[in-house]
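Bear in mind that the values in this text are calculations on the coordinates, not laboratory data. Note that the structure is predicted; figures quoted are calculated from it, not measured. Neighbour counts run over all protein chains shown; Cβ positions are idealised from the backbone, glycine included.
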Amino acid sequence: MKIIINGELRELESGTSLENLVQLLDLQGKRLAIEVNQAIVPRSQFASFQLTEQDQVEIVHAIGGG
Amino acid sequence: MMANLAEPLKNVINIADDTLIIADKTYRSRLLVGSGKYKDLEETRLATEASGAEIITVAIRRTNIGQNPNEPSLLDVISTEHYTLLPNTAGCYTVEDAVRTCRLARELLDGHDLVKLEVLGDEKTLFPDVTATLEAAKILVKDGFKVMVYTNDDPLIAKRLEELGCVAVMPLAAPIGSGLGIRNPYNILTIVENARVPILVDAGVGTASDAAIAMELGCAGILMNTAIAAARNPVLMASAMKKAVQAGREAFLAGRMPRKRFASASSPIDGLFF
């Protein structure tokens, strides 16, 4: 299925959960927050949340800023 | 050590008791710093330590996907254990983006809900869009956030933001990153005099004396980033700023002498021998 992650089109297996995605992207253990279609998905729901075709995912973290 | 309240405190100030309280939390440092614009994370770490700041602003941005997973990140050097992080809504020009950013920040930081709200109105000056700021503040306060809000030096807007429930109001000294120092000290003074929440000057500070002036006006604190990060020696400037904020605060508490039009000799006339 086609998913947009941080503005980039990606191909993922159907049934991929957010937890799977985090592992696929090598982001496990990192402090981050995720939105799917502009709705925040709490970390506690990553394993149960399944992505679907055309989902727009934003994965953010904290960086230096004033 | 508590001062004996029966004795007049006019000449006795225990500066250690002069703490900053924001949203019911007590801080020793009245200097708050941003974490952007440094050469690298090591410089960020050293300058932040030298500043003595306890509250550090951070930005919320997309994660770099495909980056080396062992690459150190900001939170490795500015940890949530040693610092109070203050996520900002830098780069937001709409109410929607600012609110969205704050919600993501709260999720990112496990429910930590102290945020710096800024809704920009213009790319050249980075002045705040105050009407959007008022709107965003209202939404965020209702949603349970503790909002420290970046605004201009208009005393009416500052008071409105306080009345909306912001925990601190932060008028700019001058445009973000301009280093011009306080452009209108009288407005800042008016804001401070009318406020029931901490007023922190945020943005536009350039050097140590600017910070001292802000504190001498009675500000509760000051927030800066470029003034330190863009100095030739950021770690040294951070140290200077720490001292300037302390000096300005002590001068304010000491109560300055009045300005006079003409001279007033410091040595007595009596006993002149010529």
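Can you give the % of DSSP beta bridges in the protein assembly as shown that are antiparallel, to the nearest 5?
Among the beta bridges of the protein assembly as shown, antiparallel pairing accounts for roughly 45 percent.
Suppose R0 equals 30 Å. What FRET efficiency, 1/(1 + (r/R0)^6) with r the Cβ-Cβ distance, do B:Glu43 and B:Asp18 give to the nearest 0.05?
It comes to 0.50.
Mind putting a number on the dipole of region A:2-61 about its Cα centre? Charges go on the C-beta only, +1 for Lys and Arg and -1 for Asp and Glu, and I need it in Debye to the nearest 20.
Dipole magnitude for region A:2-61 comes out near 240 debye.
Give the calculated FRET efficiency between A:Gln56 and B:Glu163 to the nearest 0.05, with a Förster radius of 30 Å applied to their Cβ-Cβ distance.
0.20
List the relative contact order of chain B as a percent without decimals, with contacts defined as Cα pairs under 8 Å and 6+ residues apart.
This gives 17 percent for chain B.
Treat the count of other C-beta atoms within 10 Å as a stand-in for reagent exposure and order B:Ile228, A:Ile3, B:Ile15, B:Ile55 from fewest to most.
Result, fewest neighbours first: B:Ile15, A:Ile3, B:Ile55, B:Ile228.
How big is the antiparallel share of DSSP beta bridges in chain B, given as a percent to the nearest 5?
Here the antiparallel bridges make up roughly 15 percent for chain B.
Which order results if A:Leu25, A:Leu9, B:Leu140 are arranged by neighbouring Cβ count within 10 Å, fewest first?
A:Leu9, A:Leu25, B:Leu140
Which pairs, out of B:Lys25/B:Lys116; A:Lys30/B:Lys116; A:Lys30/B:Lys138; A:Lys2/B:Lys142; A:Lys30/B:Lys124; A:Lys30/B:Lys242, put more than 25 Å between their alpha-carbon atoms?
Where the Cα-Cα span goes over 25 Å, the pairs concerned are A:Lys30/B:Lys138; A:Lys2/B:Lys142; A:Lys30/B:Lys124; A:Lys30/B:Lys242.
What residues qualify as long-range amide H neighbours of A:Ile5, i.e. H under 5 Å apart, gap of 5 or more or another chain, H built at 1.01 Å from N?
Counting only residues 5 or more places away or on other chains, the set is A:Arg10, A:Val57.
Could you name the lysines in cross-link range of B:Lys260, using Cα to Cα under 18 Å and dropping any fewer than eight places away on the same chain?
By straight Cα distance, B:Lys260 reaches no lysines at all.
Any chance you could check the Cα centroid distance between region B:184-234 and region A:6-45 for me, in angstrom?
Comparing the Cα centres of region B:184-234 and region A:6-45, I get a distance of 40 Å.
Once amide H atoms are placed 1.01 Å from N in the peptide plane, what residues at a sequence separation of 5 or more from B:Lys146, or on another chain, have their amide H within under 5 Å of its amide H?
Those qualifying (amide H under 5 Å, at least 5 residues apart or on another chain) are B:Leu114, B:Val115.
Rounded to the nearest 500, what is the 222 nm mean residue ellipticity of chain B from helices alone, with -39500 (n - 2.57) per DSSP H run of 4+ residues and division by all residues?
Per the formula, -10500 deg cm²/dmol.
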